[in-house]
1. Might you let me know whether the stretch 11-31 holds any residue that is out of contact with any helix residue (DSSP H, G or I) (no Cβ under 8 Å at 6 or more places or on another chain), part of a helix (DSSP H, G or I), farther than 19 Å from residue 112 by Cα and at pLDDT 90 or above?
2. Which condition from (1) under 16 Å from residue 28 (Cβ atoms); (2) exposed (fewer than 14 other Cβ atoms within 10 Å of the Cβ) is the one that residue 83 breaks?
3. Looking at the stretch 55-68, can you tell me whether even one residue there is part of a strand (DSSP E or B), at pLDDT 95 or above, on the phi < 0 side of the Ramachandran plot and loosely packed, with under 15 Cβ neighbours inside 10 Å?
4. Can you go through 74, 136 and tell me which one is over 13 Å from the mean Cα position of the chain (by Cα), under 23 Å from residue 49 (Cα atoms) and either buried (at least 16 other Cβ atoms within 10 Å of the Cβ) or at pLDDT below 95 (or both)?
5. For the stretch 26-39, name all the residues that are touching a residue at least 40 places away in the same chain (Cβ under 8 Å) and either surrounded by 18 or more Cβ atoms within 10 Å (Cβ to Cβ) or closer than 17 Å to residue 65 by Cα (or both).
């Protein structure tokens, strides 16, 4: 019983944020909007390649729209790798690689995500698209 508690006391921000990304990926594949919602801060902003900004409600709405789509192969895996993590004010900025598996095709992108820890745990405060990755089979 003590070992799990020690882990909680010694977990690094990188490990905690990676666990949040793992929860994000599992929630995304399961179409668990409540699970995703719990990981997004109230003041969240997403910035697209053309500079268009989406708030939390718009961002979750876009995810719901993706969930409603029935065309194409089903998403079976969503994996996030933290490539770089830097302290940014009271939180962290993570440069990540996301990979989505649809059948035998793997797509991906690189984003920069802001993270802050509050009473609900680690929540993403922002995401900025950096680049798409080519499809792999």
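The values are calculated or read from the model by the stated rules, or taken from the named source; none is laboratory data. Please read these numbers as outputs of a predicted model, since none were measured by experiment. Cβ sites come from the backbone with ideal geometry, for glycine too, and all protein chains shown count toward neighbours.
1. The answer is yes; a qualifying residue exists.
2. Failed condition: (1).
3. yes
4. Within the list 74, 136, the selection yields 136.
5. Selection gives 28, 29, 39.
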